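Take a look at the structure below.
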Amino acid sequence: FSGQAVPVAPGLAACGSSSKNASIQITAPEKGQVLTAKDDVSSSKEGVQYTVTASSTGVDVGTDVQLRISDNDDVPVSKVGKDGLIEFEDVTLPPGKHTLKVQTANEGVSSAGDYEYTLKAIVIDRPLDRSALGFGDDKDPNTDGIQINVSVSTYEIELSQDVILKVDGSNYGSAQRPNANGKLVFSGVTLAEGSDKLKVVAGDAESQVVSI
């Protein structure tokens with residue numbers, strides 16, 4: 001069953017019913033699991049998509065269930081399947097450390113509230129993907145090519161971790177390290193004619209490719 005993120009509607013009714021001893025347990029990701037871009041199941045979409053699964057007992061097949069991710073307003077929905085299995089497909093997970101809770105639509109049955117995952121992630125904030133750069137973006141018009149600043153946000157990356165910028169697959173310049181807020185900037189990056197793909201990596205974490 002597909003889990004599509006939709007705003008929660010007030011008064012959403014649960015289809016089906018549950019017994020007094022009904023329960024729900026999340027089975028993937030594992031509790032406390034650290035995820036990276038390598039766990040992405042849909043590279044065509046922005047961010048990291050992951051299939052969250054759970055098992056239930058005492059809850060009728062076809063009962064509406066929701067996936068709560070911390071305090072996010074968008075809530076993926078699904079239904080209890082055969083043998084009590086629950087699946088939310090291609091859920092876009094927010095980066096950082098977050099709680100997960102699977103519950104029936106009427107909140108009568110839910111999984112444990114302390115179930116956490118961590119998504120180590122890197123996001124290139126600037127330039128934007130497929131943005132058209134011109135001479136107005138050049139930080140140093142007196143130097144050949146276009147010089148730009150690459151602004152980056154990191155999530156759950158150690159402050160001592162080297163963060164590397166790759167331009168067209170090759171390491172560029174010196175490694176940087178995140179500040180206390182997880183931010184960093186690669187300044188004065190020279191883009192020669194034909195340079196168009198940026199990627200930032202730190203250990204087993206990596207950003208999506210930004211094409212410019």
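Observations
- Stretchable slack from VAL185 to ASP83, in nm (0.36 nm times residue separation minus alpha-carbon distance): 31.7 nm
- Rg and Dmax [Cα atoms of the chain; Å; Rg one decimal, Dmax integer]: 21.3, 74
- Modelled FRET efficiency - R0 41 Å, THR57 with VAL209, Cβ distances, 0.05 increments: 0.40
- Taking amide H atoms as placed 1.01 Å from N in the peptide plane, the amide H of ASP125 lies under 5 Å from those of SER151, VAL152, SER153, each 5 or more residues away in sequence or on another chain.
- Å² of accessible area per residue within the chain, as computed with a 1.4 Å probe and no ligands counted: 54 Å²
- Only Lys, Arg, Asp and Glu carry charge here, each on its Cβ (+1 for the first two, -1 for the last two); on that basis the chain has a dipole of about 360 debye about its Cα centre.
- Only Lys, Arg (+1) and Asp, Glu (-1) charged, at Cβ; the range 22-87 dipole about Cα centre in debye: 180 debye
- For the listed peptides 127-139, 88-100, 191-203, a ranking on the average number of other beta carbons within 10 Å per residue, highest first, reads 88-100, 191-203, 127-139.
- DSSP-defined antiparallel bridges as percent of all bridges, the chain, nearest 5: 95 percent
- Distance in nm between pseudo-label sites at SER174 and LYS97 (7 Å out along the Cβ direction from Cα): 3.1 nm
- Relative protection proxy for 158-167, 103-112, from highest mean packing down: 103-112, 158-167 (other beta-carbon atoms within 10 angstrom).
- Counting only protein heavy atoms and a probe of 1.4 Å, the accessible surface of the chain is 46% carbon and sulfur.
The values are calculated or read from the model by the stated rules, or taken from the named source; none is laboratory data. This structure is a prediction, so every number in the text was calculated from the model and none was measured. Note that each Cβ is placed from the backbone with ideal geometry, even for glycine, and that neighbours are counted across all protein chains shown. For the accessible areas, the whole protein counts, side chains as well, though only heavy atoms, and no ligand, DNA or RNA atoms are used. Shrake-Rupley method; radii C 1.70, N 1.55, O 1.52, S 1.80 Å.
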